[in-house]
Amino acid sequence: MKTIGVVRRIDELGRIVIPKEIRKTLKIKDGELLEIFLDGGNIILKKYSHFDNLKDFYDKFVDSISVCINKTVLITDRCRVIAGSGALKNNYVGLDISFDVEKIINGRTNIFSYVVNSFSIVKGRIDVIGYIVCPIIVEGDAIGSLIIVSDSCNFDSFEERIAIMYSKFLSKYIEI
């Protein structure tokens with residue numbers, strides 16, 4: 001465990017303040033959920049992800065969509081690509097999402113690019129692809145996205161409707 005040398009006092013209500021530098025580094029925003037764990041004598045705080053407990057489901061879910069539309073399908077949370085299927089999945093799964101994807105998630109608007117152009121899905125890399133990005137919104141909070149990617153970019157309105165439908169399905173599924 002890495003020590004950072006910061007000491008905080010617990011107030012009368014049992015609260016502590018997480019230093020701004022740590023919140024910024026871990027992208028913890030106001031109102032975001034944290035999980036609390038005990039590990040022996042240690043208290044561990046972890047960013048909560050609605051997606052963590054259902055990894056197998058998401059892998060099968062994106063695989064079934066990808067097989068039907070013959071495109072790469074990805075699911076992200078607010079920090080990284082957590083599931084993927086299709087020819088390009090190894091370029092993305094497990095990597096941190098880019099500022100561009102984060103901005104789309106925060107904007108809560110579906111984005112469709114039917115022509116191949118430069119776009120960054122993950123940090124540190126720009127791809128020349130066509131893409132569809134649909135935010136996943138649960139109980140008013142934008143928690144991630146469903147992304148369809150193609151390097152040949154032969155999208156039509158069918159893929160657009162699929163992306164919208166399945167992002168809404170995931171929103172409802174996670175709410176339950």
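The values are calculated or read from the model by the stated rules, or taken from the named source; none is laboratory data. Computed from a prediction, not measured in an experiment: that's the story for all the values here. Quick note on the areas: whole protein, heavy atoms, side chains included, nothing else; ligands and nucleic acids left out. Shrake-Rupley method; radii C 1.70, N 1.55, O 1.52, S 1.80 Å.
Descriptive notes on the structure:
- Rolling a 1.4 Å probe across the protein heavy atoms gives region 112-154 an accessible surface of 40 Å² per residue.
- Across region 115-129, coupling constants 3J(HN,Hα) worked out from phi with the 6.51/-1.76/1.60 Karplus curve, θ = phi - 60°, read 10, 5, 8, 6, 7, 10, 8, 10, 4, x, 9, 10, 10, 9, 8 Hz, and Gly and Pro carry x.
- Helical contribution to [θ] at 222 nm, DSSP H n ≥ 4, -39,500 (n - 2.57), averaged over the chain, rounded to 500: -8500 deg cm²/dmol
- Apolar share of the accessible surface for region 78-143: 52 percent from carbon plus sulfur atoms, 1.4 Å probe.
- Under the Karplus curve 6.51 cos²θ - 1.76 cosθ + 1.60, θ = phi - 60°, whole-Hz ³J(HN,Hα) for region 164-171, x wherever Gly or Pro sits: 5, 4, 6, 5, 5, 4, 4, 4
- J(HN,Hα) series, region 84-94, from Karplus relation 6.51 cos²θ - 1.76 cosθ + 1.60, nearest Hz, glycine and proline x: x, 8, x, 4, 9, 4, 5, 6, 10, 4, x
- A Gaussian network model of the chain, with springs between Cα atoms under 10 Å, assigns the largest mean-square fluctuation among Val73, Val81, Val116 to Val116.
- Euclidean distance of C-alpha centroids, region 141-176 and region 1-48, integer Å: 33
- Under 5 Å between amide hydrogens, built in the peptide plane, is the criterion, and for Arg80 it picks out Ile97 among residues at least 5 positions away or on other chains.
- For the chain, the longest principal axis of the Cα atoms and the long axis of helix 55-69 meet at an angle of about 20 degrees.
- Under 16 Å from Lys27, Cα to Cα: lysines that are on another chain or at least 8 residues apart: Lys46, Lys47, Lys103, Lys123
- Distance distribution note for region 1-95: the fraction of Cα pairs above 19 angstrom is 57%.
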